[in-house]
Amino acid sequence: MMSNGKIQVKEVQFANSVLLPEIVKLLDEGHTVTLRLKGFSMRPFLEDGRDKALLTKAVDPQVGDPVLAEVGEKHYVLHRIIAIHNDHVVLRGDGNLGVEHCMLSDVKGAVIGFYRKGREKMDRTDGMKWRIYSWFWTRLYPIRRYLLAFYRRIWLKMFKPI
C-alpha cells in the first residue's frame, strides 16, 4: 500500500514450525529469503527480534558457516557449523555452550549475510568483518561461558540493544 509515495511494510509473525518449512520450500525453489531472527542462540553478535538473516539454499556447507538446519522434525536452528564428519553435522549457536546434531541433508539454508541493528547495509558472511568476528569468537570457546555471562548480566543492562 502506498501513501504519500512511501511503501508501508507490515510484518507478520508465525510459529517457526509453520513458517520455516515454507521458507525451506522457497529456498529449494531458488529464492533468497530475509528472516527476522528469533531467539538468543547467536548472541552476542545477533539479537532476538532486532536482526535479520538473508538466506539462500545451502549448496556446499563448510565448517564455520552459519546455516539454517532442521535438527528435529519441524525444529530448525540458525547456528554455525563446528564440525562435519562424513554426513554428520555438529552445530553450535554463538551464544550457546552445547551442540546440536543433524545430517548434511538437513542443512537447508546458507546465510549470505546479516542486517544488524536496523541497518540497511548487510554484514556479509564472506566479508572481512564477519570473518574476523568468527575467527576470534570461535577460538574463545573455552571462556565463552564467562563472556556470555558478562554480556547478559552487565553489558545488556548498561547498554540496552537497539
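The values are calculated or read from the model by the stated rules, or taken from the named source; none is laboratory data. Just so it is clear, the structure is predicted and the values come from calculations on it, not from any experiment. Cβ atoms come from the backbone with ideal geometry, glycine included; neighbour counts cover every protein chain shown. Heads up: the accessible areas ignore ligands, DNA and RNA and are worked out on the full protein's heavy atoms, side chains in. Shrake-Rupley method; radii C 1.70, N 1.55, O 1.52, S 1.80 Å.
What are the aspartates and glutamates whose alpha-carbon lies under 19 Å from the alpha-carbon of Lys121, with same-chain residues fewer than 8 places away excluded?
Glu47, Asp48, Asp51
Out of Phe136, Val89, Leu156, whose Cα points farthest toward the positive end of the dipole of segment 59-162 (charges: +1 Lys, Arg; -1 Asp, Glu; placed on Cβ)?
Leu156
Please list, in order along segment 82-92, the HN-Hα scalar couplings obtained from phi with the Karplus expression 6.51 cos²θ - 1.76 cosθ + 1.60 (θ = phi - 60°), rounded to whole Hz, x for Gly and Pro.
10, 6, 9, 10, 6, 9, 9, 10, 10, 10, 8
Could you give me the radius of gyration and the Dmax of the chain, taking only the C-alpha atoms into account and expressing both in angstrom?
Answer for the chain, Rg first and Dmax second: 16.4, 56 Å.
Sorted by average packing, counted as other Cβ atoms within 10 angstrom per residue and highest first, what order do 96-105, 36-45 take? List each step's numbers first, then the result.
On the way: 96-105: 14.3, 36-45: 17.4.
Put in order of decreasing packing, that is 36-45, 96-105.
Kindly report, to the nearest 10 Å², the accessible surface of Leu148 as traced by a 1.4 Å probe over protein heavy atoms only.
Roughly 10 Å² of Leu148 is accessible to a 1.4 Å probe.
Could you order the peptides 114-122, 65-73 from most to least packed, using the average number of other C-beta atoms within 10 Å per residue? Mind dumping the intermediate values first?
Details: 114-122: 13.7, 65-73: 18.4.
Top of the packing list down: 65-73, 114-122.
How big is D for segment 34-127, in µm² s⁻¹ as a whole number, if Stokes-Einstein is applied with the Kirkwood radius of its Cα pairs at 25 °C and 0.890 mPa s? Walk me through the numbers before you get to the answer.
Details: Rh = 13.2 Å.
The calculation lands on 186 µm²/s.
Using unit Cβ charges (K, R positive; D, E negative) and no other charged atoms, how large, in debye to the nearest 20, is the dipole of the chain about its Cα centre?
Magnitude of the dipole: close to 1080 debye.
For segment 1-114, give the percent of accessible area contributed by carbon and sulfur heavy atoms, probe 1.4 Å, rounded to a whole number.
Details: 3340 of 6290 Å².
Roughly 53 percent, rounded to a whole number.
At a 1.4 Å probe radius, which order do His85, His31, His79 fall into by accessible area, largest first? Please list the in-between numbers first.
On the way: His85 110, His31 90, His79 5 Å².
Result, largest first: His85, His31, His79.
Straight-line reach from Lys10: which lysines have a Cα under 19 Å away, not including same-chain ones fewer than 8 places off?
Lys38, Lys52, Lys117
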